[in-house]
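First the structure, in the form of structure tokens, and then the observations on it.
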Amino acid sequence: MLVRDYMTPHPIMVGPEMRVTEAQKLMTENNIRHLPVVGDGKRLLGLVTRQRLAIPPEKLASLDVWEITRFLAELTVQRVMVTGPDLHTITPDKTLEEAADMLIRYKISGLPVVEDGMVVCGIITETDLLIEFQNLLGANDAGWRVVMRVPNKVGQYRKLVRAISENNWGLMALGGVRSPRHPDKWDVVLKVRHCTKEQLIAVLQAIEEQELVDIRETGGALPDSNVASRQR
Amino acid sequence: MIRAIGKMDQPVVRVKDLAVAYETRYGDVLAVRNVSFEIHRGETLGIVGESGCGKTTVAYALVNYLGRNGKIVKGDIFFQGQSLVGRTPEELRRLRGDQISMVYQDPMTSLNPVLRIGEQMTEVLTVHRGMAEEEARQRCIEMLQRVYMPDPAKVLERFPHQLSGGQQQRIIIAMAMLNNPALLIMDEPTTALDVTVEAAVLDLVADLRRDFDTAILFISHNLGVIARVSDRVAVMYAGEIVEMAATARIFARPQHPYTQGLIRCLPKLGRSKTSSILYPIRGRVPPPSNLPPGCVFEPRCDYARDACRQQRPPLRELPGSHFTRCLFSEEIDPAQWKPDSEPVLLQPTAATQNNSQPILEVDRLQTYYRHPNTSLLSFIGLGRRDYVKAVDGVSFQLPKGCTLGIVGESGCGKSTLVKTIIGLEEATGGKAQFMGFDISRRVNKRDLDIIKELQMVFQNPDSTLNPVYTVGQQIERPLRRFRIVPPDRVHEEVVRLLRAVKLDEHYYNRLPRQLSGGEKQRVGIARAFAGRPDLVLADEPVSALDVSVQAAVLNLLLEIQREHGTTMIFISHDLSVVRFMADYVAVMYLGQIVEIGPAEAIYQPPYHPYTESLLAAVPIPDPEVEQEHIRLEGSVPSPLNPPSGCRFHTRCPRRNWLPDGGRICETETPPWQQVSAEHRILCHIPLEKLRQMEPVVHPTLSKGH
């Protein structure tokens, strides 16, 4: 799970001389929130974000209507883009966790992906991470989503996986986190298919030391029409 | 892996209602009209069509190489969300920047002949990315490995002329990918390559697209190539997109009469002249300055109605994202299609009945070329003499009235063999007898009678017709020279010949430049048949022609051949065409025949391993046909110094079938193994083993149109 495989490759990029109004239009039309500004050879100069395009209220108050038009017409992206120490980037060989760590640490929503120094080869945003979070838990495939609470001991996963595979059921996703309110336990999320709810409950409850916390049917045709599927 | 994405995926390129015109003396000529398409990340759109239909103009419009007289008159091109139309060259340069790369047809013209490969490749990185020389070099080596170039570090030291065509094209593709472009435009990238190399390059394109998520616009006239690489196909005709759909769909259910016609006029790998017939599309592509008022395809369409003549049909969407520019697509069923006149299937009797007496006997024929040796010793006449063994010990017999097809990669000696038979080259050894007469001497030492009986049809009709003589004069010449008819009846005979090749007498006074490629080739055929020869040698007669014309010319050759009972040697790199035309097929490799036999036997196991690889490489215009994946490594070794033992052992994929990894292939010349009376294979591998080979092309071939 490296940035290389989950970023958006070949992002839309602009040159530093572009008018801010044009950049704004481009971002709206293409439904994007980050616009890398590049010079020759796709070398990163800065990043335009939606927040950067908003005129600060105190400045707005000091301009009259005519001045705003002129002010905007002459403004180029290089004057509003994020540069210098505020411009954070990542390389394609980093892990998704490292990308997430940077987004959290700097409270930003996306990172240009650069190689060979500063050549832009992609962009990775919160959305990409959320999509992979969804996929990691098998959210888009139909099946039973199960949460098991297990003690913090070696061999718990093995018991769980063996119980499911002995029945020839499909295990589509498996993830574990330290249980939020029970620091000595772990919550394991699984996605199982090719079985009925009753069969699954019976098998899971028979596992020693473990507790079935939640079971529900998820996935399949998601109601959200905005979710498109594509082949990779 | 199916992956859900929550964000809108914008296309890399979106072309909207594009029209491109060229300024000429007679006003603007619209070369491309109403063209719209989009390409997403990691998708390949194939554009297919005959020459002159505007494929390349679309590609040039995307990169603004339209030339001084070309201009975009209407529509818009969006690249990465931004319009490319109406911008200054400097703005365009910045917009496209390093994001669009292009690969052209002829690799040699894209490489600088005086710079080493390494200098040309590293320049991309040092200039665009400001990379240090050593690092750039390392990156180039990695990229060359990605395009499966053997020994990349050495290749960087070479000059372009020291590489083969396939290697050059790989270099070009590697260079195009160095900058990681968002869009790669490939204009006939494999047309100049051999079928085996082509197959490897197409595999490479598919791999690169997957790994780099590049959007690819792939232009080709070859439906088989398009079927192999594209996700979606757009068929262009006379400057318009007439049909666009997913690849599997367009080949399984073509909706536009033009697409249906194109598919009908292709020879299929499993079909021969005795079992099927090619249906050319009548007429020709209208010039862009003189388009019909209604549907552009209407004059050639079998389903044209009044409505088609009155208005230009819009590109409309059928279910399944299938676009067609035909008003009656739903009503037209290609399975119900009937040709105008019922075709006469050729009877196999013509080929087999008089095979008692061979008309042509070739026995261990050799044609060597002296290779200039540059050493000082040879300057004073003491150096070792080097020979290029272009044809080395070829033997075969050809019965009267039959067609022998010769296939093989370029440089295997096909053309030299034919030139030796006709006398343009002198044989250096062996014997060739034509109707009992010795023909191993040059043409200027032969009797006029023998010259008359052997005629040739050349590959490129442009260069074989004299541009200052009229068509009539050129066909007259052999008639007068060989005194075929009395002088007062020459004109009459020329008209008869013109009619025989489906041209009327108006063509008598035309000059070659007033003819289309197909018409020129017909004149070439008329001239070859003027002397009523007994043997016609056709060297790639249809490879310079469009598919719809190719079908007509092949039919014509067959018809004339049948009428005169002419024997023919037919060279082609296209194995489907050879399968269609030939009664016997000879597969050549490095100056030798490695397999020869009746056509149907060659295309079925047992194969020679080389034949098997050739068949596996043929691009088949049907995405449903499954082909074995066999790819030959490297290129044909130099005939100056052919490999010892079996000449194919350096590339043979089946060597390991023999004990000891095929040690014997390196040391001993393989024996001829007789499969049947007429079918023999030159290989060490025992026949029983060869017989166990899987057929290369899995037979969904019986299904046809």
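Where a number appears in this text, it was derived from the coordinates with a stated rule and is not lab data. Just so you know, these numbers come straight off a predicted model, no measurement behind them. Please note: Cβ atoms are built from the backbone with ideal geometry, for glycine as well, and neighbour counts cover all protein chains shown.
Given R0 = 56 Å, the distance between the Cβ atoms of B:R442 and A:N31 translates into a calculated FRET efficiency of 0.15. Each of B:G518, B:Q474, B:S613 was placed along the dipole of segment B:471-625 (beta-carbon charges, centred on the mean Cα), and the one lying farthest toward the positive end is B:Q474. Here the gap between B:R385 and B:K338, fully extended at 0.36 nm per residue and compared with their Cα-Cα distance, gives a gain of 10.8 nm. If only the Cβ of Lys and Arg carry +1 and only the Cβ of Asp and Glu carry -1, the dipole of segment B:616-705 around its Cα centre is close to 220 debye.
Given a Förster distance of 51 angstrom, what is the FRET efficiency for B:R25 paired with B:Y303, based on the Cβ-Cβ distance and rounded to 0.05?
Here the calculated transfer efficiency is 0.85.
Projecting the Cα atoms of A:Q51, B:N222, A:L35 onto the charge dipole of the protein assembly as shown, computed from C-beta unit charges around the Cα centre, puts B:N222 farthest toward the positive end. One decimal place: the segment B:R253-B:D151 gains 32.2 nm when fully extended, by the rule 0.36 nm per residue minus the C-alpha distance. A simple spin-label model places the labels of B:E600 and A:I215 6.4 nm from each other, with each point 7 Å out along Cα-to-Cβ. Computed over chain A with a Gaussian network model linking Cα atoms closer than 10 Å, the most mobile of A:I215, A:I90, A:I123 is A:I215.
Each Lys or Arg adds one and each Asp or Glu subtracts one; over the other residues with Cβ under 10 Å from the Cβ of B:V696, this totals -4. Taking a straight Cα-Cα cut-off under 14 Å and skipping sequence neighbours fewer than 8 places away in the same chain, the aspartates and glutamates within cross-link reach of B:K400 are B:E361, B:E453, B:D534, B:E563, B:D583.
Sorted largest first, the spans of the alpha carbon positions of segment B:637-689 along the three principal axes are 33, 25, 17 Å. Overall, chain B carries a charge dipole of about 1000 debye about its Cα centre when +1 sits on the Cβ of Lys and Arg and -1 on the Cβ of Asp and Glu, all other atoms neutral. The Cα atoms of segment B:1-140 give a gyration tensor whose axes a ≥ b ≥ c have a/c of 1.5 or more with a/b no greater than b/c, which makes the shape oblate. Under the combined filter of DSSP loop state and at most 16 neighbouring Cβ atoms within 10 Å, segment B:407-478 retains these GluC sites (Glu not before Pro): B:E426. Cross-link reach is defined here as a Cα-Cα straight distance under 20 Å, omitting same-chain residues fewer than 8 places apart; for A:K94 the lysines meeting it are A:K107. When segment B:110-149 is described by a simple charge dipole with +1 on each Lys and Arg Cβ and -1 on each Asp and Glu Cβ, the residue from B:A136, B:V147, B:T122 located farthest towards its positive end is B:V147.
Within 10 Å of the Cβ of each residue in A:17-25, the mean number of Cβ atoms contributed by other protein chains is 1. With bins 5 Å wide starting at 0, give me the P(r) of segment B:484-584 over every alpha carbon pair, in whole percents. So the P(r) values, bin by bin, are 2, 12, 24, 24, 20, 11, 5, 2, 0. Peptide B:176-182 has a mean of 3 when you count, residue by residue, the C-beta atoms of other protein chains within 10 Å of its C-beta. For segment B:1-99, a crude dipole built from +1 on the beta carbon of Lys and Arg and -1 on the beta carbon of Asp and Glu, taken about the Cα centre, is about 120 debye to the nearest 20. For A:A173, the shell of other residues with beta-carbons less than 11 Å away shows a net charge of +2, using +1 for Lys and Arg and -1 for Asp and Glu.
Treating r as the C-beta distance of B:E330 and A:D184 and R0 as 60 Å, the FRET efficiency rounds to 0.30. Ordered by the count of other Cβ atoms within 10 Å of each Cβ, fewest first, A:H34, B:H608, B:H679 give B:H679, A:H34, B:H608. Close amide H partners of B:E409, meaning residues 5 or more places away or on another chain with modelled amide H under 5 Å apart, do not exist here.
With each label modelled as a point 7 angstrom along the Cα→C-beta vector, the A:R50-A:D93 pair spans 3.5 nm. Residues in segment B:564-581 carry Karplus couplings, in order, of 9, x, 6, 8, 9, 10, 10, 9, 7, 8, 8, 5, 6, 5, 5, 4, 6, 8 Hz; the curve used is 6.51 cos²θ - 1.76 cosθ + 1.60 with θ = phi - 60°, and Gly or Pro positions show x. Annotation note: GluC sites (Glu not before Pro) in segment A:129-214 located in DSSP loop regions with a Cβ neighbour count of at most 13 within 10 Å are A:E166, A:E208, A:E209. A helix-only calculation puts chain B at -8500 deg cm²/dmol for mean residue ellipticity at 222 nm, using -39500 (n - 2.57) for each DSSP H run of at least four residues, averaged over all residues. The loop-placed GluC sites (Glu not before Pro) in segment B:631-705, going by DSSP, that have at most 16 neighbouring Cβ atoms within 10 Å of their Cβ come out as B:E633, B:E668, B:E678.
Across all directions, the average flat footprint of the convex hull enclosing the Cα atoms of the protein assembly as shown is 51.4 nm². The share of C-alpha pairs in segment B:166-222 whose separation exceeds 19 Å stands at 20 percent. Rounded, prolate or oblate: which fits chain B when a ≥ b ≥ c are the square roots of the eigenvalues of the alpha-carbon gyration tensor, with rounded for a/c under 1.5 and prolate only if a/b beats b/c? The shape class here is oblate.
Can you check what the net charge comes to around B:Q168, using other residues whose Cβ is under 13 Å from the Cβ of B:Q168 (Lys, Arg +1; Asp, Glu -1)? So the surrounding residues net to 0. Quotient of the Cα radius of gyration of chain A and 2.2 N^0.38 Å, N being its number of residues: 1.37.
How many percent of DSSP beta bridges within chain B run antiparallel, rounded to 5?
Once the DSSP bridges in chain B are tallied, antiparallel ones form about 65 percent.
For the cross-link pairs B:K74/B:K268; B:K273/B:K414; A:K59/B:K16, the ones whose C-alpha atoms lie over 32 Å apart are B:K74/B:K268; A:K59/B:K16. Per the Debye formula on identical point scatterers at the alpha carbon atoms of segment B:68-197, with no solvent, log10 I(q)/I(0) at q = 0.19, 0.20 Å⁻¹ is -1.10, -1.17. Taken along the Cα-to-beta-carbon direction at a fixed 7 Å, the label points for B:Q310 and B:T667 span 8.3 nm.
So for each of B:441-449, A:143-151 I average, over its residues, the number of other beta carbons within 10 Å; can you give me the resulting order with the highest mean first?
With the highest mean Cβ count within 10 Å placed first, the list reads A:143-151, B:441-449.
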